[in-house]
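The values are calculated or read from the model by the stated rules, or taken from the named source; none is laboratory data. No experiment lies behind these values; they were computed from the predicted model shown. We place every Cβ from the backbone using ideal geometry, glycine too, and count neighbours over all the protein chains shown.
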Amino acid sequence: MSNPAHRSYSQFPLRRFVHEMTDGPFGSSLTSSHYSDEGARVIRLGNIGSARFKNSDEVFISLDYFNELKRHEVKSGDLLIAGLGDERHPVGRACIAPDDLGPAIVKADCYRVRLDEKRLTHRFAAWALCSSYVADQVSASSRGSTRSRINLEVAREIVLPVPHVEEQRRIADFLDAETARIDRLSSLQQQVVHLLDERESAQLDLAIDELVGRHSDVPLRRFLWGVDQGTSPQCEAVPAGENEWGVLKVSSLRPGLFLPHENKRLPEGVEPDRTSEVHDGDLLITRANTPQLVGSTAVVRGARSKLLLSDKIFRVRLTREMSPDFVAAVARGSRIRALCAAGSNGASQSMANIRFDEVKAWPLPAVGPDLQRDLVHRSSRARAQLDALRKKVNRQLHLLAERRQALITAAVTGQIDVSTASGRDIED
């Protein structure tokens with residue numbers, strides 16, 4: 001840190017200031033069947049950002065059912081804490097419920113807290129809970145391998161630095177202003193990433209449309225030789241080691257990308273179905289995923305052995321006339337992505353399914369091997385160029401996130417005097 005003031009703030013567990021603290025309803029108390037198009041808001045983990053409430057994830061229950069769950073109610077100004085997190089979204093992060101919230105409850109793994117604000121304000125507590133000072137504590141107390149979790153009792157024992165109330169307000173005002181500036185810069189960088197994605201999609205669509213315009217299209221079924229899919233035994237919630245068997249998750253496929261590390265370890269004693277092992281050159285298609293990703297198609301390249309198909313992934317075998325890389329490239333295009341989203345069905349928007357009959361109808365440009373190779377080469381080259389730009393932008397986003405975190409930690413722990421400091425001088 002530059003010019004640290006190193007003020008000494010008293011430290012106390014959160015429970016010392018709690019008037020009321022509750023988690024959300026679990027299990028059958030609140031399932032997808034209870035959701036409705038309007039009514040009372042359900043606050044979920046996706047709404048809890050780093051001292052910022054995220055309004056994009058909107059889910060509702062009926063007001064009648066809300067009245068049955070009143071003990072989980074959230075009011076404007078309440079402190080909200082995430083009891084579950086991962087590398088990108090840390091467990092223990094917190095924010096304040098917004099003024100225009102309306103009737104609402106917290107969902108499972110979210111904690112609603114009301115403090116004695118004469119001693120610890122909600123705004124300062126939210127910032128302190130998002131600091132590295134707290135993150136280090138929580139990481140030592142959390143459970144879970146792929147996602148970290150803390151229960152209500154652990155959350156109550158989180159130790160916070162607690163300056164006097166006037167200083168808490170000054171720190172919160174300072175962080176509101178300085179992190180807003182950083183967040184604006186991050187938003188601009190994210191817009192650049194979005195524009196790069198749009199550019200790549202437009203280039204690919206143009207190339208596909210030109211081929212279809214000159215040569216028409218034919219359904220994928222014309223080139224099918226066979227299809228199979230695996231099984232989904234009960235697996236461990238960790239990736240398989242290099243010499244262990246693993247079952248691929250649906251997240252192992254993104255449009256045009258195969259991610260072999262996205263797998264679950266097959267438990268010892270469970271015999272692998274070796275006929276489901278994937279091999280270099282296999283064309284894979286997800287039959288189940290979110291509406292945005294269902295039908296994601298990619299070719300296996302450079303994967304290690306001992307990775308198995310799940311029952312949610314098709315392996316498609318093609319005749320010699322059709323290149324699997326060409327199919328994967330065309331399947332990234334907007335025409336097939338739109339068909340997948342429109343044709344998907346499922347019990348919720350979080351998981352959708354497509355039938356293989358729909359996959360067989362995918363339209364492909366009716367071109368020979370030379371034009372197939374040309375499209376694959378052009379799309380691969382364009383993706384590589386844009387990926388290089390994405391890496392630079394993502395590096396900037398990472399640096400901004402580090403600066404934001406360092407600023408929060410410095411302010412709430414007294415390492416800077418916020419009455420004279422500027423966030424521009426904070427270094428990690």
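Only a single item in (1) among the polar types (S, T, N, Q); (2) surrounded by 15 or more Cβ atoms within 10 Å (Cβ to Cβ); (3) assigned by TED's automatic domain parsing to the domain that holds PHE17 is not met by GLN189, and it is number (3).
Scanning the range 135-150 for residues that are part of a helix (DSSP H, G or I), within 17 Å of GLN11 (Cβ to Cβ) and under 20 Å from the mean Cα position of the chain (by Cα) turns up at least one hit.
Using the structure shown, decide if THR420 is among the hydroxyl-bearing types (Ser, Thr, Tyr), at pLDDT 95 or above and either over 30 Å from GLU210 (Cα atoms) or in contact with a Leu (Cβ under 9 Å, 6 or more places away or on another chain) (or both). Please lay out each step first, then the result.
Details: among the hydroxyl-bearing types (Ser, Thr, Tyr): yes; at pLDDT 95 or above: no; either over 30 Å from GLU210 (Cα atoms) or in contact with a Leu (Cβ under 9 Å, 6 or more places away or on another chain) (or both): yes.
Here the answer is no, as THR420 does not meet what is asked.
Criterion applied to SER323, SER296, SER310 was being over 18 Å from LEU220 (Cα atoms), in contact (Cβ under 8 Å) with a residue 12 or more places away in the chain and among the hydroxyl-bearing types (Ser, Thr, Tyr), and the one residue passing it is SER310.
Going by what's in this entry, would ARG41 be described as over 22 Å from GLY92 (Cβ atoms) and buried (at least 16 other Cβ atoms within 10 Å of the Cβ)? Explain how you work it out, then say what you get.
On the way: over 22 Å from GLY92 (Cβ atoms): yes; buried (at least 16 other Cβ atoms within 10 Å of the Cβ): yes.
In short, yes.
Only one of these is among the acidic types (Asp, Glu), in the same structural domain as HIS19 (by TED's automatic domain parsing), crowded, with 16+ Cβ neighbours inside 10 Å and at pLDDT below 95: ASP109, ASP136, ASP99. Name it. Walk me through it before giving the result.
Values: ASP136 fails: crowded, with 16+ Cβ neighbours inside 10 Å; ASP99 fails: crowded, with 16+ Cβ neighbours inside 10 Å.
From the options ASP109, ASP136, ASP99, the qualifying one is ASP109.
Give me the residue from the range 281-324 that is within 18 Å of SER380 (Cα to Cα) and of a type in the set (S, T, N, Q) and, out of that set, surrounded by the most Cβ atoms within 10 Å (Cβ to Cβ). Step by step, filter the range 281-324, then rank; the result is THR297.
Going by the structure shown, is ASP57 of a type outside the set (Ser, Thr, Tyr) and assigned to a loop (DSSP other than H, G, I, E, B)? In short, yes.
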